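Where a number appears in this text, it was derived from the coordinates with a stated rule and is not lab data. This is a predicted model, so every value here is computed, not measured. We place every Cβ from the backbone using ideal geometry, glycine too, and count neighbours over all the protein chains shown.
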Protein chains: 2
Amino acid sequence: MTPASAETCATALHADLGWALGTVFRAYLKASDAVVADLPGGHRGYQILTTAARAVPATQLSIAQHLGVDRTVMTYLLDDLAGAGLIERRADPADRRARHIVATDQGRSALADLSRRLGEVEEHVLVCLDADERTALRGLLRRLALHADARDPVADPCQLVADTAAPTRPTPRRRGRAR
Amino acid sequence: MTPASAETCATALHADLGWALGTVFRAYLKASDAVVADLPGGHRGYQILTTAARAVPATQLSIAQHLGVDRTVMTYLLDDLAGAGLIERRADPADRRARHIVATDQGRSALADLSRRLGEVEEHVLVCLDADERTALRGLLRRLALHADARDPVADPCQLVADTAAPTRPTPRRRGRAR
DNA sequence: TATTGTTATACTCTATAACTATA
DNA sequence: TATAGTTATAGAGTATAACAATA
């Protein structure tokens, strides 16, 4: 076991927002895995269920987009949730191509239980922050998420990095056999 | 196009820390994709490079653990980074099983360029927050990430959800053919 | 015997393409 | 013609298992 481990690596990356986001996100997923383990679709199943329990029904496509899921994957996820009796697909009277996703009574009661337990997990993930800091973080993340959700196109970053003078070489992203 | 879209769905999920984290993380990945597109390993390649550029060298395994990557995947990632001339594997004099990962000169100059451009992307992702809020968010996320990084085992959540009275049914997590 | 790193393989997950039905 | 949803399939990504070298 080399001495160069935890805090060394951490300090190296502490300025990287991407690393912090990824690490916290992974920690959340890991901490909440047990709660959603028996739910079809896991974490995404829970988020679908949350959307489906709302008063105003959303279509498969709109849910997929706002959850960052491909629409073909959404089909499978909904198949499983419907198979478990948690959601239903209903024809959109205004557009017979689309389906409204609504939670069943069973889905709502499952959601209530899951929400309570995930709330506990969230607090546990934030355990090293005090009450004010937790509120602040939740608020900031929520604003960022809503902002990102609103303007999905993400046009600007393309301009930001328009001067893409390849920093290394145009490696085709896939591993090479060499050693 | 149904009226139930963006803000409807968003309000439904705004209380969910997991959704916010995932959405912001995806937004970051999307915004920074172009910057790391030509770097072997993409985002993870960048984080490995950051670690490799530090004064105190880290081993493959320690990097893998702190980046949430399987050690077998780390081998491939390092193969590509080494193939591009950005990092080197050096024998750990204290333990000849382990390899120290160090950045080459080329790797350091590539890292400098990438860091600058990723910094711009980060600011762009945080564009809807003012300066104080950005600092606050970075600080809070950093503390959470360091905390999660320090105690990887994540023992507590298992106790938190010890009373796992399956909320739905023990679905084997995989999709069923039924419709 | 346990651990680091490597390799091959099997597996999971995702996305592409093609199709149906609506608009 | 374009869009919502479905399906099959190919492809990317991941992890398991087995191995070699070292502790």
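Label sites at A:ASP33 and B:ARG96, each approximated as a point 7 angstrom past Cα along Cα to Cβ, lie 3.6 nm apart.
Taking amide hydrogens as placed 1.01 Å from N in the peptide plane, the amide H of A:ALA58 sits under 5 Å from those of A:ILE101, each at least 5 positions away in sequence or on another chain.
Can you figure out the FRET efficiency of A:VAL73 with B:ALA131, using R₀ = 51 Å and their beta-carbon distance, to the nearest 0.05? Efficiency, rounded to the nearest 0.05: 0.85. Residues whose amide H comes within less than 5 Å of that of B:ALA98, counting only those at least five positions distant or on another chain, are B:ASP92 (H built at 1.01 Å from N in the peptide plane). For A:ALA53, the residues 5 or more places off, or on other chains, whose built amide H falls under 5 Å of its own are A:ALA103. Every pair of different Cα atoms in segment A:80-152 enters the Kirkwood calculation, which places the hydrodynamic radius at 15.4 Å. State the Cα centre-to-centre distance between segment A:60-121 and segment B:57-100 in whole Å. Between the Cα centre of segment A:60-121 and that of segment B:57-100, the gap is 42 Å. Counting only Cα atoms, segment A:25-160 measures 48, 43, 24 Å along its principal axes, largest extent leading. Position B:ARG108: other-copy label points at 6.4 nm, ordered by increasing distance, label point 7 Å along Cα→C-beta. Summarise the long-distance tail of P(r) for segment A:54-100 by giving the % of C-alpha pairs beyond 12 Å. When every Cα pair of segment A:54-100 is considered, 63 percent fall beyond 12 Å.
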